[in-house]
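S.K.: One structure follows; several queries about it will come next.
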Amino acid sequence: MTPPEAKYYQGNLFDDSKIPVIDNIPHIFAYKFFCEGCFGLEPCNKNGKYHNIMCEDWEIFEAYRNFWKRCSNTEELWRMLYDKMFSFMKERDLYFFMGMHSLQPTWLIIGLYYPDMNSDILPKDNSFRTLDQWM
């Protein structure tokens with residue numbers, strides 16, 4: 001069954017009768033990475049080697065849905081997803097927005113931020129500040 005056009009779902013704030021049909025994604029996505037604490041004397045995680053954290057970012061799910069519609073087979077789908085969410089990210093300055101969910105009592109990646117390596121958005125001397133320091 002093909003879902004109706006996107007215009008169908010554009011209701012008003014108080015109209016909940018138009019709920020979109022969303023494809024179920026039968027996969028769990030995660031990033032494996034090292035953080036600054038992983039290289040210290042005391043390991044910062046249970047396995048002592050790297051973090052393996054589930055990614056619940058909207059962008060990875062939408063990339064999967066879009067590639068799935070365009071691909072002729074699963075190998076092509078996974079290659080495109082790998083190129084976008086891993087290879088492309090290696091060329092960027094990747095940051096994770098971390099958070100928790102009531103159904104997952106552990107840290108999750110809830111968002112990705114990946115400015116260009118030469119971007120002036122973040123300080124080059126790693127002098128990150130908290131929000132109250134910016135104000």
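The values are calculated or read from the model by the stated rules, or taken from the named source; none is laboratory data. If you're wondering where the values come from, they're calculated on a predicted model, not measured in any experiment. Using ideal geometry, Cβ is built from the backbone for each residue, glycine included, and neighbour counts are taken over all protein chains shown. Calculation scope for accessible area: heavy atoms of the full protein, side chains included, ligands and nucleic acids excluded. Shrake-Rupley method; radii C 1.70, N 1.55, O 1.52, S 1.80 Å.
S.K.: Being open to solvent by 70 Å² or more (accessible area, probe 1.4 Å), more than 18 Å from the chain's Cα centre (by Cα) and at pLDDT below 90 is the requirement here; does Asn52 meet it?
M.R.: It is false that Asn52 is open to solvent by 70 Å² or more (accessible area, probe 1.4 Å), more than 18 Å from the chain's Cα centre (by Cα) and at pLDDT below 90.
S.K.: So for region 86-94 (the condition being open to solvent by 50 Å² or more (accessible area, probe 1.4 Å) and among the aromatic types (Phe, Trp, Tyr)), does at least one residue qualify?
M.R.: Scanning region 86-94 turns up at least one residue that is open to solvent by 50 Å² or more (accessible area, probe 1.4 Å) and among the aromatic types (Phe, Trp, Tyr).
S.K.: Then there is this: Restricting attention to region 64-85, which residues are open to solvent by 80 Å² or more (accessible area, probe 1.4 Å) and acidic (Asp, Glu)?
M.R.: Glu75
S.K.: Against the definition (under 21 Å from Cys35 (Cα atoms), among the aromatic types (Phe, Trp, Tyr) and modelled with pLDDT under 90), how does Trp68 come out, yes or no?
M.R.: Considered against the rule, which asks whether it is under 21 Å from Cys35 (Cα atoms), among the aromatic types (Phe, Trp, Tyr) and modelled with pLDDT under 90, Trp68 comes out as no.
S.K.: Here is a further query. Looking at region 70-81, can you tell me whether even one residue there is under 12 Å from Tyr31 (Cβ atoms) and either out of contact with any His (no Cβ under 9 Å at 6 or more places or on another chain) or part of a helix (DSSP H, G or I) (or both)?
M.R.: There is no residue in region 70-81 that is under 12 Å from Tyr31 (Cβ atoms) and either out of contact with any His (no Cβ under 9 Å at 6 or more places or on another chain) or part of a helix (DSSP H, G or I) (or both).
S.K.: Right, another one. Need pairs with beta-carbon distance below 6 Å; first residue free of Cβ contacts under 8 Å to residues at least 60 places away in the same chain and within region 84-98, second among the β-branched types (Val, Ile, Thr) and in a helix (DSSP H, G or I); sequence gap 6+ or separate chains.
M.R.: Met85/Ile60
S.K.: Still on this structure: Restricting region 105-126 to residues that are farther than 16 Å from Tyr31 by Cα and among the polar types (S, T, N, Q), which is most open to solvent (accessible area, probe 1.4 Å)?
M.R.: Here the answer is Asn118.
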